[in-house]
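The values are calculated or read from the model by the stated rules, or taken from the named source; none is laboratory data. No experiment lies behind these values; they were computed from the predicted model shown. Using ideal geometry, Cβ is built from the backbone for each residue, glycine included, and neighbour counts are taken over all protein chains shown.
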């Protein structure tokens, strides 16, 4: 049941993101979504963001702007969902 709810929430968040339109943007210190600033947006970035959201790790302040993919100034599960969609080439 929880997996089904999670899938529904992911689908809804993806629909919202797609309807709003997400554009990739760059900062002086890197590209949005490139959490570890290695020049690539990949599963390592997604894992790091998930760990940050769960409280397992801290992210340096200069990297936090690269985590806010929907531009609402809040790093949340929505940003993680957007990052996963970017990595999967959905967005």
Exercise for review: Filter segment 36-62 for residues that are modelled with pLDDT under 90 and within 12 Å of the chain's Cα centre (by Cα) and give the result.
Suggested key: none
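Which residues, counting only those in segment 14-35, are modelled with pLDDT of 65 or more and in contact with a strand residue (DSSP E or B) (Cβ under 8 Å, 6 or more places away or on another chain)?
Here is the first cut: in segment 14-35, the residues modelled with pLDDT of 65 or more are 30-35.
Of everything in segment 14-35, just one residue is modelled with pLDDT of 65 or more and in contact with a strand residue (DSSP E or B) (Cβ under 8 Å, 6 or more places away or on another chain), namely 32.
In the list 11, 65, which residue meets the criterion of being within 16 Å of residue 82 (Cβ to Cβ), modelled with pLDDT under 75 and part of a helix (DSSP H, G or I)?
Values: 65 fails: modelled with pLDDT under 75.
Being within 16 Å of residue 82 (Cβ to Cβ), modelled with pLDDT under 75 and part of a helix (DSSP H, G or I) holds for just one of 11, 65, which is 11.
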Revision key, fill the gap. In segment 68-91, anything part of a helix (DSSP H, G or I) and exposed (fewer than 15 other Cβ atoms within 10 Å of the Cβ) is listed as 77
